[in-house]
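Enquirer: Take this structure, written in structure tokens, and hold onto it; I'll ask about it next.
The values are calculated or read from the model by the stated rules, or taken from the named source; none is laboratory data. All values reported here derive from a predicted model rather than from experimental measurement. Glycine gets a Cβ as well: all are built from the backbone with ideal geometry, and neighbour counts include every protein chain shown. The protein model used for the area step is the full one, side chains on, heavy atoms only, and it has no ligands, DNA or RNA in it. Shrake-Rupley method; radii C 1.70, N 1.55, O 1.52, S 1.80 Å.
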Amino acid sequence: MNAALTRVTRVTRYFAGSVRRQLIWGVALVHAVMMSLFVYDLTIRQHDFLIESQTDVARNLAKTLSLTAISPLLASDLAGLQEMTLALSQYPGVAHIMVIQNSGKILAHAQPDRRGLYLADFDRLNGAPTDKARILVQNRALVDVAMPVIANGKRLGWIRVGVSQSTTAARLESITRSGLLYAGLAIIAGTLLARLMAARLTRRLTNLRDVADAVRAGNMQVRAITSGIDELGHLARAFNFMLDALALRAGKERELQQALQALRPLAQERGGQ
């Protein structure tokens, strides 16, 4: 506990012991926090946008197949359904695509060996609206959409399309890496700018400190740098004015002492008389 407290005290003294360090690390910290928040917000926004885009892709594929599947379903053309399903399964990012009977039986599937099987989670579609798409899964890995096939107000079956989010995840990682890279560059640039500003500002502060130390040591001839019209320049001129006044006062005191010393013999002679 004491060791940790000692380290904290040393760190506090390190930062509190120099205005330059406080300026540099203060600006660097602000840049780091702001850029981190920016990258986080950008990542979240892009994540939501990309997932919604993938959802639209899945929804549009399901809608397309639901329209083209009406005639094959009415004609019980299972071969045609399978052919259409296989064609749409070649779309980039499609994880699964199938045509489902109202009983839950899979009539067509991108994997032909699954034809004739019954969908295990078909109960999830029972409460779905009869004319609208239903999003079954929507996360970083998969968007799964079910769309009813409607003909003359009657539901003939369901289309289910799953679109993988692997491409979205890769794009998000790329965006995050780029954001972190730009954030790092911004922090470095901000820190370098802070160093330049701190050096310019603290140079005159350091000069004032050195002048004060010299005056305390007895050197009354030193003067501060008075360049600049800002507060530091005003402080340096006021400091020099004070030193000039002290030097003038010291000069008058020396003249007075010299005059007193010159009058001392005369006063002694008069006192002897």
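Enquirer: Only one of (1) out of contact with any helix residue (DSSP H, G or I) (no Cβ under 6 Å at 6 or more places or on another chain); (2) small (Gly, Ala, Ser); (3) not in a helix (DSSP H, G or I) fails for Ala108. Which number is that?
Expert: Condition (1) is where Ala108 drops out.
Enquirer: Within the stretch 226-264, which residues are part of a helix (DSSP H, G or I), closer than 21 Å to Thr202 by Cβ and either in contact with a Cys (Cβ under 9 Å, 6 or more places away or on another chain) or of a type in the set (Asp, Glu) (or both)?
Expert: Glu231
Enquirer: Quick one: Gln46 ticks every box in (1) exposed (fewer than 15 other Cβ atoms within 10 Å of the Cβ); (2) under 30 Å from Ala186 (Cβ atoms); (3) modelled with pLDDT of 75 or more except a single one, so which number is it?
Expert: For Gln46, the exception is condition (1).
Enquirer: Looking at the stretch 174-189, which of its residues are open to solvent by less than 50 Å² (accessible area, probe 1.4 Å) and closer than 17 Å to Ile24 by Cβ?
Expert: Gly184, Ala186, Ile187
Enquirer: Of the residues Arg209, Arg223, which is among the basic types (Lys, Arg), assigned to a helix (DSSP H, G or I) and on the phi < 0 side of the Ramachandran plot?
Expert: Arg209
Enquirer: Quick check on the stretch 159-177. Is at least one of its residues in a helix (DSSP H, G or I), more than 30 Å from Ile44 (Cβ to Cβ) and over 39 Å from the mean Cα position of the chain (by Cα)?
Expert: Looking through the stretch 159-177, none of the residues is in a helix (DSSP H, G or I), more than 30 Å from Ile44 (Cβ to Cβ) and over 39 Å from the mean Cα position of the chain (by Cα).
Enquirer: Let me ask another. What's the number of the condition Ala108 fails, among (1) under 46 Å from the mean Cα position of the chain (by Cα); (2) at pLDDT 85 or above; (3) buried (at least 16 other Cβ atoms within 10 Å of the Cβ); (4) not polar (S, T, N, Q)?
Expert: (1)
Enquirer: When only residues in the stretch 143-173 that are open to solvent by 40 Å² or more (accessible area, probe 1.4 Å) and within 17 Å of Gln54 (Cα to Cα) count, which is modelled with the highest pLDDT?
Expert: Among them, the one singled out is Glu173.
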